[in-house]
Amino acid sequence: MTEVETPKDTVEENNNVIPIATIRGHAVMDLPKDLYIPPDAMKVLLEAFEGPLDFLLYLIRKQNLDILDIPIASVTKQYMEYIELMQELSLELAAEYLVMAAILAEIKSRMLLPQIVNSDNPEEDPRAELVRRLQEYERFKQAAEDLDKLPREERDTFTAQADSSQINIDKPLPTVSLKELLSALADVLKRAELNAKHQIRLDALSVREKMSHILDVLQDKEHFSFTHLFKLEEGRLGVVVTFLAMLELLKQSLIEFVQANAFAPIYLKTKAAN
């Protein structure tokens, strides 16, 4: 009968031995003899304080103490326990923490001394200076927290920017409708009536001559105002003849009416300008 050898790992698992680690499927039961772990390889700091005043304020708030009536003995004991804990954890202890420890010890010793009763010149409470500093620190800390809650640019809000140098949009000019053209003509006719002071005999007006006149005016100009082409002194007849000349030129595709936007002044320009 052949004996089957049970693997060592299985025997140890049966003995409820938990391996330290598993490397490539093999359980590691013992630490390497050359393994070195520095004493300060891991540091854990549960509370972080900005200074001794911040820590004192934390102790007062945690126990709901009256800042105007601080129990120096109790606070000093807790403060010294925190200092000893920091030293045990090999943390760098700032000099200001040790200074505050000395101040607390001094205040505690002064409060243990018998008080001299003098109604004319009463002795100041040994805690007064410390209370003043704590109150001042608390005000500044609260103001800093309030400021930090305000929206801050590049943290809470961001300025949106867009490069418009590459954006090129062709904005076509609106076409002049017949209604707007007739409205402009009516305005010119009204002005012609207001300009007529007496009846005179006018020379016969020719549409063909007005067409030539309009083309001569537009020849050296990119565009010309619609209303400025009318001569009010010619009366209603001159306005009508000038308008008929414009329509004839438009029909022959020699000119066109343009308008910057709706309800804007109307201009004339030659077709060749395009």
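The values are calculated or read from the model by the stated rules, or taken from the named source; none is laboratory data. The model shown is predicted, which means the values in this text are computed figures rather than measured ones. Using ideal geometry, Cβ is built from the backbone for each residue, glycine included, and neighbour counts are taken over all protein chains shown.
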I'd like to know if segment 149-170 contains one or more residues that are in a loop (DSSP other than H, G, I, E, B), in contact with a strand residue (DSSP E or B) (Cβ under 8 Å, 6 or more places away or on another chain), aliphatic (A, V, I, L, M) and at pLDDT below 80. no
A41 passes all but one of (1) modelled with pLDDT of 80 or more; (2) aliphatic (A, V, I, L, M); (3) not assigned by TED's automatic domain parsing to the domain that holds A144; which number fails? (1)
Within segment 235-274, tally of residues that are over 18 Å from A192 (Cα atoms) and assigned to a helix (DSSP H, G or I): 8
Given the conditions (1) acidic (D, E); (2) under 30 Å from L59 (Cβ atoms); (3) modelled with pLDDT of 80 or more; (4) surrounded by 10 or more Cβ atoms within 10 Å (Cβ to Cβ), and given that D146 satisfies all but one, which numbered condition is not satisfied? (4)
For a quick check of your reading of the model, give me the residue pairs whose first member lies in segment 250-265 and is at pLDDT 80 or above, whose second is of a type in the set (K, R), with beta-carbon atoms closer than 9 Å and at least 6 apart or on different chains. S253/K271; L254/K271; I255/K269; I255/K271; E256/K269; E256/K271; F257/K269; V258/K269
